[in-house]
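Some notes on the structure that comes next.
The values are calculated or read from the model by the stated rules, or taken from the named source; none is laboratory data. Owing to the predicted nature of the structure, the values given are computational and were not obtained by experimental measurement. Counting neighbours? That spans all protein chains shown, and the Cβs are built from the backbone with ideal geometry, glycine included. With ligands, DNA and RNA removed, areas are computed over all heavy atoms of the protein, side chains included. Shrake-Rupley method; radii C 1.70, N 1.55, O 1.52, S 1.80 Å.
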Amino acid sequence: MSSIVQRGPVTTQILIIDSCDYDLQPLLDILESDSRYTLTCSPFDLATEQIEHQPLDLILLHTCHTDTNALSELHYLRQQSPLTPVIIFDQQFSNQRSEEFLYWRATDYIALDTVSTEELQRTIRHAQAVAHYMTEIDTLNRIDLLTGMTNRQQFYRDLAAHLKNIDHEQPSARSLALFSVDLDGFRRFNNINGHYAGDQIVKELGNRLQVLAPSLISRLGNDEFAMLLPGNAGEDIHNKATLLCYQMLHTLTEPYHYQELEVILPCSIGVSFAPEQSMETDTLVHQATQARLKSKEQSSCSYAFFGQQRDDKNIQQLALEPELINAIRRMEFQLYYQPRIDIATGQIVGAEALIRWNHPEKGLIYPNDFIPTAERTGLIVPIGYWVIQQAGHDIQALKEMTLAVKHISVNLSFRQFQDSYLCRTIQRIIEKGNIDTSILEFELTESALFNDERHVRQGIEELHKLGINFSLDDFGTGYSSFSLLQKLPISSLKIDRSFISDVNEEGDNREIVKALINLARSLNKEIIAEGVETPAQLNVLASYGCDQAQGYLYSKPVPFEQFVKLMQQAAIVDDECCANI
């Protein structure tokens, strides 16, 4: 029988789930003493109905000494209410039991045999604080605060959902056009008139686009927007897309007004099509972006469909394919290292390993110019193994020189996780090179976790057994699953540089960074800021409690020999400071 116990004003709704007629009175006595709580007690079968219809702030779940049932109930609660904190309670908990419940995403646990009123209230307050941060970040990860539209993360989810609705066996039955839109000359306008003025133009651009497609448009960043146009059976999606392009060109070329200024900012539009050109989200977005850049090169205020012409960059990338194979054989790759700095002490505590290609004729080639080709051809797998091997060699060299670093991080892509021999090969590399896995760290992107959660998670857990640490790169840009952050052995989170660029100015990015740092602390993760370039940015990050910084303020990526010199200089400074104490 469900029962409600209410004392004082309603502020915090707590559902207590108990399916074994446990004597809840001692627990109720503690909770009832605080007038801020409204309590509801139910067995699990009735509680499931209440969860669907009643807003809840907190759930207390009794294990009933049967962990199997409790874990299944916990799993159900997390599926139904992923952002509602769930605290497990029982008479007592062993370390193994408590760790198992936390692994399955319990927010916390309390042992009634030993819990005090103060401890219980503190546990509830902490659970609510974590839920508040998670809710805040969840909103930030779905909604663009400037325009109120869905953001990049939600757009990828919407795009994936639309692609699922396309019938593979009858591709003509359903189709989809993806539009990438931005303004020509927006960066110049922004630099001349300031970020606030640029924000007003972006808001107006979003408003105009929403008139054309109210529910199918997202802001991906800066002045870049994406739009989806579904096509039904019998429709010519190309004609439909052409018509919408003309409508956008007409609407977006009207002058923009800011204060007393009247500004004309032409737009560029690129379009890709599913299933005609791809059924992969990243590929479709990339194709639409390439088409937009092509239209921008051709003329101002124009549109282009992907695949109408092969652009020069694609030709160059195709030409790189055979040279990439030779580059692996000839050992033409080199690792550069960008230091990671402890903000509190100013000391180098680690570095990110970044690959460069020393081409015998073209000179130094940066990753953006050859990694896409390596990903597409699968060459990223052997290249990735070389990076791990070389980073391990450099780690050992640092140890021999008695230069201490906490972590040397290496990037792992989703494509590398598709290699079934990944874990075994990395284990052989570690054993052969005698690599200290406590220093080796693998950086993952949010998109890698999002693409194939089960497969990537299995690979991460196997690699973690070897002692390897993990960090999550580009945190905040798109796909974060907070349940995964709790379950996976990820020790640090890296805030994407796009949030850091204007963190020293009042605005959305500053609030996002603050929320990301608070979330990381509540999850007991280290937080690292990428792209730190100015002392003003560093001061804001320090005031928010950010742990580490990486960026040109300290050093650009440098070859290993120069990184060693940076470490040695830092060691000399430390010795001098100690001598003066």
Seminar exercise, completed: Residue hits (the range 199-212; open to solvent by less than 50 Å² (accessible area, probe 1.4 Å) and closer than 24 Å to Glu505 by Cβ) are Ile201, Val202, Leu205, Gly206
Exercise. Among the residues of the range 322-332 satisfying the criterion of being open to solvent by 20 Å² or more (accessible area, probe 1.4 Å) and outside any loop (DSSP other than H, G, I, E, B), which is modelled with the lowest pLDDT?
Worked result: Pro322
Exercise. When the range 464-478 is examined, which residues are found to be in a loop (DSSP other than H, G, I, E, B), at pLDDT below 90 and open to solvent by less than 30 Å² (accessible area, probe 1.4 Å)?
Worked result: Gly476, Gly478
For this session: Determine if the range 121-144 includes at least one residue that is touching a Lys or Arg at 6+ places or on another chain (Cβ under 8 Å) and in contact (Cβ under 8 Å) with a residue 24 or more places away in the chain.
Result: yes
For this session: Keeping to the range 291-310, report how many residues are part of a loop (DSSP other than H, G, I, E, B), closer than 15 Å to Val181 by Cβ and within 31 Å of the chain's Cα centre (by Cα).
Result: 1
Exercise. In the range 444-458, what residues are surrounded by fewer than 22 Cβ atoms within 10 Å (Cβ to Cβ) and at pLDDT 80 or above?
Worked result: Gln458
Exercise. Could you give every pair whose Cβ atoms fall below 8 Å, whose first residue belongs to the range 382-404 and is farther than 14 Å from Leu566 by Cα, and whose second residue is loosely packed, with under 15 Cβ neighbours inside 10 Å, counting only separations of at least 6 or pairs across chains?
Worked result: Gln396/Asn434
For this session: Could you tell me whether Ala177 is farther than 28 Å from Leu209 by Cβ, in contact with a strand residue (DSSP E or B) (Cβ under 9 Å, 6 or more places away or on another chain) and among the small types (Gly, Ala, Ser)?
Result: no
Exercise. Pairs under 7 Å by beta carbon, first residue touching a residue at least 12 places away in the same chain (Cβ under 8 Å) and under 15 Å from Ile495 (Cβ atoms) in the range 547-563, partner open to solvent by less than 30 Å² (accessible area, probe 1.4 Å) and polar (S, T, N, Q), six or more apart or different chains?
Worked result: Gln550/Gln338
Exercise. Taking the range 384-414, which residues are among the hydroxyl-bearing types (Ser, Thr, Tyr), within 19 Å of Gly467 (Cβ to Cβ) and either over 23 Å from the mean Cα position of the chain (by Cα) or surrounded by fewer than 20 Cβ atoms within 10 Å (Cβ to Cβ) (or both)?
Worked result: Tyr385
Exercise. Among the numbered criteria (1) open to solvent by 20 Å² or more (accessible area, probe 1.4 Å); (2) among the small types (Gly, Ala, Ser); (3) within 17 Å of His393 (Cα to Cα), which single criterion is violated by Gly363?
Worked result: (3)
For this session: Please determine, by comparing only the residues of the range 176-193 that are of a type in the set (Gly, Ala, Ser) and modelled with pLDDT of 90 or more, which one is farthest from Asp502 (Cα to Cα).
Result: Ala177
Problem set entry | Qualifying positions in the range 345-374 - under 25 Å from the mean Cα position of the chain (by Cα) and either closer than 15 Å to Glu332 by Cβ or modelled with pLDDT under 90 (or both) | Ile355, Arg356, Tyr366, Pro367, Asn368, Asp369, Phe370, Ile371, Pro372, Thr373, Ala374
Exercise. Could you say whether any residue in the range 427-441 is under 15 Å from Ile460 (Cβ atoms), under 23 Å from the mean Cα position of the chain (by Cα) and crowded, with 18+ Cβ neighbours inside 10 Å?
Worked result: yes
Exercise. Could you count how many residues in the range 481-537 are open to solvent by less than 10 Å² (accessible area, probe 1.4 Å), under 19 Å from Tyr552 (Cβ atoms) and among the β-branched types (Val, Ile, Thr)?
Worked result: 6
For this session: Can you work out which of the residues in the range 291-300 that are among the polar types (S, T, N, Q) and touching a residue at least 12 places away in the same chain (Cβ under 8 Å) is surrounded by the most Cβ atoms within 10 Å (Cβ to Cβ)?
Result: Ser295
Seminar exercise, completed: Only one of (1) touching a Leu at 6+ places or on another chain (Cβ under 9 Å); (2) at pLDDT 90 or above does not apply to Lys313, and that is (2)
Problem set entry | Any pair with Cβ under 6 angstrom, 6 or more apart, that starts in the range 1-29 at a residue that is within 17 Å of Thr63 (Cα to Cα) and of a type in the set (D, E, K, R) and ends at one that is modelled with pLDDT under 50 and assigned to a loop (DSSP other than H, G, I, E, B) | none
Problem set entry | Odd one out for Gln79 among (1) without any contact (Cβ under 8 Å) to a residue 12 or more places away in the chain; (2) buried (at least 17 other Cβ atoms within 10 Å of the Cβ); (3) of a type outside the set (Gly, Ala, Ser) | (2)
